[in-house]
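Each remark here refers to the structure printed beneath this line.
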Amino acid sequence: MKESIRRIGLAKARVDNGFSLVGRTLDSKDVVSRVLMLLASRTVAVANAIMLLGLNNHPNEGLPLLRSLFELAAHMRWVCEKDSLRRAEDFLEEHKNPDWQDLWPSRRLRDRMKELGFGRALEEKALLSCYDHIHANALGLPWGHVFEEHRHAGATAEDLLSTTALLMGHVLKSLESRWPGKFPGADELWDNVRGTR
C-alpha cells in the first residue's frame, strides 16, 4: 500500500509541477487547455479523496470516486488522442447540464478504454466495482451475521489505491502528450504493475 501511496503522491506532484511550468503559456481562449486543466484538477481532488477513504478503511465507499476517476482519465486521454479541439468542445457541450446518469455511462467508458488501449484488468475494475460497492461489508451492523450471503468483502484499500495510481499515470500521459517534457512519469507509475494499458 505504501508503494501505491508513493505513486499517487508522485503523480500529483508532477501535475502541479507541470502546470507551474506551462502556466505562463496558457491562453484563456484555448479550449483544449481549459478542458485539460479542468479535468486534471478534478483528478487530483478525487485522488485525494480516494486516498482518505482507502487509508481510513473505507475502500468500498471509495469505489464511486474511483469510477469518477476512470471517467476523468478516459476523457483526458480521449481529448488528447486526436481531433483535440473538436473533442474538447464536445466535452464542454456534453457537460453543460449534466445528470449523474450522463456523467458515467458504462458503454462510453468501455468503448473509450478499448480505443485508448487501457488494459483488460483496468476495464474490469471500472465496470465491475458496482457490485462491491453495494454488497461489501454488509455485516457491519449488529446481527448482520444472520445473512450469510452478506459476507462479501469487496475491494481492499490496496485495490483502490493501486488502481488510483494507474489512472493517474493515464492523466500524466494525457498532459505530457499536450505539453511534451512538462508532465513526465506515466511509465514510472505503470512500471511493474499489471493492467496499465
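The values are calculated or read from the model by the stated rules, or taken from the named source; none is laboratory data. All of these numbers come straight from a predicted model, not from anything done at the bench. In this analysis, Cβ positions are derived from the backbone assuming ideal geometry, glycine residues included, and neighbour counts consider all displayed protein chains. Calculation scope for accessible area: heavy atoms of the full protein, side chains included, ligands and nucleic acids excluded. Shrake-Rupley method; radii C 1.70, N 1.55, O 1.52, S 1.80 Å.
Points 7 angstrom from Cα along the Cβ direction at Leu21 and Asp99: gap in nanometres?
In this crude spin-label approximation the distance works out to 4.3 nm.
Residues of the chain: accessible area per residue at 1.4 Å, in Å²?
Roughly 55 Å² per residue, with all protein chains present.
Roughly speaking, to the nearest percent, how much of segment 8-95's 1.4 Å accessible area is carbon and sulfur?
The value for segment 8-95 is 52 percent carbon and sulfur by accessible area.
Nearest 10 degrees is fine. How inclined is helix 31-55 to the longest principal axis of the chain, computing both from alpha carbons?
It is inclined by approximately 30 degrees.
Based on the Kirkwood radius over alpha-carbon pairs, what value in µm²/s does the Stokes-Einstein equation return for the translational diffusion coefficient of segment 1-107 at 10 °C and 1.306 mPa s?
Estimated diffusion coefficient is 105 µm²/s.
What's the FRET efficiency of Asn57 with Trp143 using the Cβ-Cβ distance as r and R₀ = 25 Å, to the nearest 0.05?
Working from the Cβ atoms, E equals 0.70.
Rounded to the nearest 10 Å², what accessible area does Val35 show when all protein chains are kept and the probe is 1.4 Å?
Number for this one is 0 Å².
Per residue and in cubic angstrom, what volume does the convex hull of the Cα atoms of segment 39-195 have?
125
Show me 112-123, 97-108 ranked by packing, highest mean number of other Cβ atoms within 10 Å first.
Peptide ranking by packing, descending: 112-123, 97-108.
Roughly how many nanometres apart are two label points built 7 Å out from the Cα toward the Cβ at Lys114 and Asp90?
1.6
Probe 1.4 Å, all protein chains in place: accessible area of Leu38 in Å², nearest 10?
Rounded to the nearest 10, that gives 80 Å².
Per-residue ellipticity at 222 nm for the chain, helices alone: DSSP H runs ≥ 4 residues times -39500 (n - 2.57), over residue total, nearest 500 deg cm²/dmol?
That calculation yields -22000 deg cm²/dmol at 222 nm.
What distance in nm lies between label points placed 7 Å from Cα along the C-beta direction at Glu123 and Lys82?
1.9
Top mean-square fluctuation among Leu161, Leu36, Leu127, Gaussian network model of the chain, C-alpha springs under 10 Å?
Highest fluctuation among the options: Leu127.
Starting from the Cα of Asp30, step 7 Å toward the Cβ, then list every residue of segment 78-118 with an amide N under 19 Å from that point.
78-92
Please label the shape of segment 80-135 as rounded, prolate or oblate, based on the square roots a ≥ b ≥ c of the eigenvalues of the alpha-carbon gyration tensor (a/c under 1.5 means rounded; beyond that, a/b larger than b/c means prolate, else oblate).
Oblate.
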